């Protein structure tokens with residue numbers, strides 16, 4: 001009798017726990033798969049070049065982006081190189097991303113797919129920190145348009161473009 005009561009209690013517990021479980025999407029990164037591959041900047045001003053790669057990692061549970069930009073010396077600036085790395089992942093049913101660069105910036109993004117072949121990484125401003133918005137749109141001709149915007153601390157609506165670029169895929173996903 002006690003064994004049967006324990007069995008019933010365990011079954012009820014398992015059913016109750018399952019009722020609260022969130023369904024896990026089969027591929028939460030699917031809206032971003034159009035980005036996978038190696039991309040080269042096109043139409044950059046003279047003395048500037050760069051590229052980036054999006055790749056699945058950790059058995060397709062995360063996606064990474066590696067980026068670099070090279071700036072030749074000019075009359076108003078010394079030569080420099082910018083490198084950054086981002087990890088995109090699903091957490092609690094939402095897409096998130098963490099960004100790191102060689103200037104010690106760290107940005108935590110919420111990620112949303114507005115429509116097919118368009119994605120926006122968004123970091124809301126706080127009272128003391130600016131907000132950031134990074135977006136990608138794959139155009140019909142295969143070019144990828146990108147934009148990085150910044151909003152002043154405390155202002156959720158005043159995003160202003162900081163960088164814009166266009167890239168062409170030079171190597172598709174493996």
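The values are calculated or read from the model by the stated rules, or taken from the named source; none is laboratory data. Since the model is a prediction, treat every value here as computed from it, not as a measurement. Heads up, the Cβs are rebuilt from the backbone with ideal geometry, glycines too, and the neighbour counts pull from every protein chain shown.
Here is how the numbers come out for the structure above:
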quantity: Residues of region 101-150 classified as surrounded by 15 or more Cβ atoms within 10 Å (Cβ to Cβ) and within 23 Å of residue 170 (Cα to Cα), total; calculated: 14
quantity: Hey, residue 81 more than 15 Å from the chain's Cα centre (by Cα) and part of a strand (DSSP E or B) or not; calculated: yes
quantity: Residues of region 107-118 satisfying the condition of being out of contact with any strand residue (DSSP E or B) (no Cβ under 7 Å at 6 or more places or on another chain) and in a strand (DSSP E or B); calculated: 115
quantity: Strands (runs of 3 or more DSSP E) enclosed by region 119-174 - at least 3 residues per element that are touching a helix residue (DSSP H, G or I) at 6+ places or on another chain (Cβ under 9 Å); calculated: none
quantity: From the options 73, 104, residue that is out of contact with any strand residue (DSSP E or B) (no Cβ under 8 Å at 6 or more places or on another chain) and either in contact (Cβ under 8 Å) with a residue 60 or more places away in the chain or within 20 Å of residue 130 (Cα to Cα) (or both); calculated: 104
quantity: Per-region count, region 44-57, residues under 21 Å from residue 171 (Cβ atoms) and not in a strand (DSSP E or B); calculated: 1
quantity: Some residue of region 87-99 being surrounded by fewer than 16 Cβ atoms within 10 Å (Cβ to Cβ), in contact with a strand residue (DSSP E or B) (Cβ under 8 Å, 6 or more places away or on another chain) and either in contact (Cβ under 8 Å) with a residue 60 or more places away in the chain or more than 22 Å from residue 34 (Cα to Cα) (or both); calculated: no
quantity: Residue within region 37-59 that is surrounded by 10 or more Cβ atoms within 10 Å (Cβ to Cβ), in contact with a helix residue (DSSP H, G or I) (Cβ under 6 Å, 6 or more places away or on another chain), within 21 Å of residue 116 (Cα to Cα) and touching a residue at least 12 places away in the same chain (Cβ under 8 Å) present; calculated: yes
quantity: Check on residue 104, out of contact with any helix residue (DSSP H, G or I) (no Cβ under 8 Å at 6 or more places or on another chain), under 19 Å from residue 29 (Cβ atoms) and either in a loop (DSSP other than H, G, I, E, B) or modelled with pLDDT under 95 (or both); calculated: no
